[in-house]
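Following: one structure in structure tokens, then a few remarks.
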Amino acid sequence: MKWYQKAIYSIAMSVLPASVKNRMMGGGRATVPKSANPTGIFNWLPKKYQQAHNIDLTKLQSYTAEELLELLISVHPDVSYALYTYLRMGDTSLTFTAKKSNNNNDKSGQRVLDDIKSMLNTPLPSPGYQHGRSLDKLDTVQRMMVMVRGACAGEVVLNERCNDVIDIVPVDPALIWFRRETDTDRLTPWQYVKYPRRLSGEEWFGQYKKIDTPTFIYEEFDPMVDDPYGRTPMLPVLQVVFFHLQVLQDLKAVVHNQGYPRLDVSMMEEIMLKNAPPSVKNDPAAQQKFLSERMGEVMAHFNSLKPDDTFIHWDSIKVEYLKGGSTGPMIDIKKLIDIIDTQMATSLKTLLTILSRHQGSTETYSSIDTQIYIKNVESARSVTKRFWQRAFSMSARVRGTQTNVEVDYAPIDLRSENEVERDRRSKIGNYVLAEKELYITPLEAAEEVRWTLGLDAKIPAELADKLKHKRDTVPDPEGGGE
């Protein structure tokens, strides 16, 4: 954008009434926080982790898929650790580059992008408490939403005059529902609001608020045709978790029933009848009642004993450990657990080694699995890259700068320092050899080597002249030619 175009844009934005710009762009925040409650009642945010241990994992099917995934990432060890590892694996630096239409660097646009990034990392001018809104924190939230919700959403919040960006806020994609316009089939997003507060100029449908503004951004992960919501990568884990919990319940019952030694108490019926009262001996019904009462007394006595109590009884009662057991074919529990672990890892899009499961994989297979996992992480991060590209492009246009924004994450590097240094030396050696064999110029080799060493690729003036004349022939002072 030329300087006169920026001037015209600035004048137009200052002349247009705020009401017109609000209809165009939506001044202020259009979305509603998930926990917002305008009534002021029950607006204390609960600490969910305090109640996590009270959740009955055998009754999870009463929850929705969104509630289940949000619950399992906190209470289920494998699901929680898979998400934790994904977030840590993809936690690399985020860079923004401004480009012109001819793909050259845009210096003025780069300054705008740097200002927006600095704005997110700077607290708002307020004397009260402020919740952190750093770019790294917002990016972690959005990457988590991609795995848990299958999409990430957010809003670029403008000031009242719609000429500056004051914030970029994430929005829970589970609250967003899409409708098609009757005439144009255009998709319009609506947000579900638990406690609606309808203001003038807003469009509502029950508890759903229309968020039809260019400042709202929704990016989905691997969507199907005509499905704008995307697909949650971790959704298949629900069936595996249900089966896993059922197996654990069965194992618990087996261990409780057969895993500990139990007593076998025998009562001598003949001795009991011999010591029965005379009125009972000739009455079958009375005999049955008498034996049942004695059986109940003995059962109550043994059930009340503590593990370290001493057994003292008459010889009319025989006490020994329960013997026997099933001699038929038994289920191989280890193989069953291995199948569940494999299903758990594949449904979570992670590796068995990451879940601390080792099933005899060789080093070659583990290396290939790691590369595939890194590709999965990078694929999921492409969704957040699109989100940040749209958010920063919108922010730059609001500030009067038309530039192409390129967003990228630093590569995921799992090498040790020694491996990095060895690879760096090998790479530098390749550039030196290429320059020696006249494949590249000394200046090109120097730029690549400086970049490899982490230095500024621009050659200093005092070195540039020497590199240009590095291959110049020097005449022999004795006249012997070159």
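Structure notes:
- Computed from Cα atoms, the angle from the helix 107-120 axis to the main principal axis of the chain rounds to 30 degrees.
- With the simple spin-label model, which puts each label point 7 Å out from Cα in the Cβ direction, the GLU378 to PHE42 separation comes to 4.8 nm.
- Using θ = phi - 60° in the Karplus curve 6.51 cos²θ - 1.76 cosθ + 1.60, the 3J(HN,Hα) couplings for the range 67-77 round to 5, 5, 5, 5, 7, 5, 5, 10, 10, 9, x Hz; x is entered for Gly and Pro.
- Taken as Cα centroids, the range 60-113 and the range 270-302 sit 73 Å apart, rounded to the nearest whole angstrom.
- Rounded to the nearest 20 debye, dipole of the chain from Cβ charges on Lys, Arg, Asp, Glu: 1680
- Fully extended contour minus Cα-Cα distance, from VAL298 to THR92, at 0.36 nm per residue: 67.3 nm
- Cα pair distances of the range 263-321 binned at 10 Å [whole percent]: 19, 49, 24, 7, 0
- Sorted into 10 angstrom bins from 0, the C-alpha pair distances of the chain split as 3, 12, 18, 18, 14, 11, 8, 6, 5, 3, 2, 1, 0, 0, 0 percent.
- Within the range 113-135, backbone nitrogen closer than 20 Å to the virtual label 7 Å beyond the Cα of GLU160 toward Cβ: 124-128
- Lysines whose Cα lies under 29 Å from that of LYS306, excluding same-chain neighbours fewer than 8 positions away: LYS252, LYS289, LYS318, LYS323
- Counting neighbouring Cβ atoms within 10 Å and putting the fewest first, the residues TRP177, TRP190 line up as TRP177, TRP190.
- Full-extension gain in nm, ARG111 to ASN282, via 0.36 nm per residue minus C-alpha separation: 50.8 nm
- Between helix 442-452 and the chain: long-axis angle, C-alpha atoms, 0 to 90°, nearest 10: 30
- With respect to the chain, whose longest principal axis is taken over its alpha-carbon atoms, helix 417-436 is tilted by about 30°.
- By other beta-carbon atoms within 10 Å, ranking ILE368, ILE211, ILE354 with the fewest at the front produces ILE368, ILE354, ILE211.
- At an R0 of 51 angstrom, the distance between the Cβ atoms of ARG425 and ARG231 translates into a FRET efficiency of 0.70.
- At 1.002 mPa s and 20 °C, Stokes D of the range 417-468 from Kirkwood alpha-carbon radius, µm² per second: 187
- Cα-Cα over 18 Å, subset of LYS48/LYS210; LYS107/LYS458; LYS117/LYS210; LYS436/LYS470; LYS34/LYS209; LYS436/LYS468: LYS48/LYS210; LYS117/LYS210
- Here the sum of -39500 (n - 2.57) over DSSP H runs of 4 or more residues, divided by the residues of the chain, equals -14500 deg cm²/dmol at 222 nm, to the nearest 500.
- Rg ratio (alpha-carbon, reference 2.2 N^0.38 Å) - the range 136-197: 1.35
Computed from the coordinates by the stated procedures, all read-outs in this text should not be read as laboratory data. The structure displayed is predicted, hence computed values, not measured ones. Backbone-built Cβ (ideal geometry, glycine too); neighbour counts: all protein chains shown.
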